[in-house]
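Visitor: I have a structure I would like to understand better, so I am pasting it below and will then ask my questions one at a time.
The values are calculated or read from the model by the stated rules, or taken from the named source; none is laboratory data. Model, not experiment: these values are computed from the prediction. Neighbour counts run over all protein chains shown; Cβ positions are idealised from the backbone, glycine included.
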Amino acid sequence: MATKSRRPQMEDVLSCRLNGLAVVCENLANPHNVGAVIRSCEALGILNVYIVEERGPSKLSPQVTAGADAWVGVHRYRRARRALGDLRALGYRVYAATPEADASDLEDIRCDAPLALLFGNEQDGITEEALEYADGTFTIPMYGFVGSLNVSAAAAIAVYTCSRRWRSIRGEGDLSPAQREEWRGRYLEQQQRRRGTL
């Protein structure tokens, strides 16, 4: 009964999911940040988050994710070149977050074709290897004395901005009928697991 009662919400969520926007986290060290990025992505309708773990496995904080990792595709890679190469092969353009002055303004990124937003390590930023796969870089304009944002806050702002622009061009959601059916099955299975019926 609980699953049946949540079906309308499930269909609403599926109708707003975005496959055309993805987020890549390269070597984030703080479990809080990894979890916060995933949670923001799920809340804003992003379907896929790519986690590059060249410096060791990223641990997710259940308190921070609040279960969001169960509702999105979390793809783990050992090498940035594999993750970004796979995204490029799927037709995504890759834009890397950077504080550099010559980067594009976040508002100027085109959101009319598949786009992956890349965020780097809290201390070291994005690796040179990963930057080689980027089609461009972007920055979030700052107007205060502090010259940077926490990576999870930057990701949330960027995802919100780009998802709003994507929806204004492409509509509320962009899953194909086959993708909707696949994820509907995943969500039903996840709900059954949570109810202990599997």
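Visitor: In the range 71-112, which residues are basic (Lys, Arg) and either free of Cβ contacts under 8 Å to residues at least 24 places away in the same chain or part of a helix (DSSP H, G or I) (or both)?
Guide: Passing the criteria: Arg81, Arg82, Arg88, Arg110.
Visitor: It is to be established whether one or more residues within the range 4-26 are of a type outside the set (A, V, I, L, M, F, W, C), at pLDDT 95 or above and more than 21 Å from Leu175 (Cβ to Cβ).
Guide: Within the range 4-26 (the criterion being of a type outside the set (A, V, I, L, M, F, W, C), at pLDDT 95 or above and more than 21 Å from Leu175 (Cβ to Cβ)), the answer is yes, since at least one residue qualifies.
Visitor: Shifting gears a bit: Return yes when Tyr50 is within 25 Å of Arg167 (Cα to Cα), touching a residue at least 60 places away in the same chain (Cβ under 8 Å) and assigned to a strand (DSSP E or B) and no when it is not.
Guide: Answer is yes for this residue.
Visitor: Would you point out which residue out of Gly125, Gly136 is without any contact (Cβ under 8 Å) to a residue 40 or more places away in the chain, surrounded by 13 or more Cβ atoms within 10 Å (Cβ to Cβ), out of contact with any Gly (no Cβ under 9 Å at 6 or more places or on another chain) and small (Gly, Ala, Ser)?
Guide: It is Gly125.
Visitor: So how many residues does the range 143-175 have that are surrounded by fewer than 13 Cβ atoms within 10 Å (Cβ to Cβ) and without any contact (Cβ under 8 Å) to a residue 40 or more places away in the chain?
Guide: The number of residues fulfilling the criteria is 7.
Visitor: Another question about this same structure. Residue check, Tyr187 against (1) more than 17 Å from the chain's Cα centre (by Cα); (2) more than 18 Å from Leu14 (Cα to Cα); (3) among the hydroxyl-bearing types (Ser, Thr, Tyr); (4) part of a helix (DSSP H, G or I), all met but one. Which one?
Guide: (2)
Visitor: Can you tell me which residues in the range 53-74 are in contact with a strand residue (DSSP E or B) (Cβ under 6 Å, 6 or more places away or on another chain) and either closer than 18 Å to Asn150 by Cα or at pLDDT below 90 (or both)?
Guide: Result: Ser58, single match.
Visitor: Quick check on my filter: what residues within the range 113-127 are under 17 Å from Pro99 (Cβ atoms), part of a loop (DSSP other than H, G, I, E, B) and either of a type in the set (Ser, Thr, Tyr) or in contact with a strand residue (DSSP E or B) (Cβ under 6 Å, 6 or more places away or on another chain) (or both)?
Guide: Gly120, Ile126, Thr127
Visitor: Is it true that some residue in the range 128-147 is in a helix (DSSP H, G or I) and within 24 Å of Gly35 (Cβ to Cβ)?
Guide: There is at least one residue in the range 128-147 that is in a helix (DSSP H, G or I) and within 24 Å of Gly35 (Cβ to Cβ).
Visitor: Among the numbered conditions (1) under 18 Å from Glu182 (Cβ atoms); (2) crowded, with 22+ Cβ neighbours inside 10 Å; (3) touching a helix residue (DSSP H, G or I) at 6+ places or on another chain (Cβ under 6 Å), tell me where Trp71 comes up short.
Guide: (2)
Visitor: Looking for something closer than 25 Å to Arg180 by Cβ and aliphatic (A, V, I, L, M) - is there at least one such residue anywhere in the range 127-145?
Guide: Checked the range 127-145: no residue is closer than 25 Å to Arg180 by Cβ and aliphatic (A, V, I, L, M).
Visitor: Out of (1) part of a loop (DSSP other than H, G, I, E, B); (2) of a type in the set (Gly, Ala, Ser); (3) closer than 17 Å to Leu149 by Cβ; (4) modelled with pLDDT of 95 or more, the odd one out for Ala29 is which?
Guide: Here Ala29 clears every test but (4).
Visitor: Taking the range 140-159 as the region of interest, how many residues are at pLDDT 95 or above and touching a strand residue (DSSP E or B) at 6+ places or on another chain (Cβ under 7 Å)?
Guide: Looking only at that region, the number is 5.
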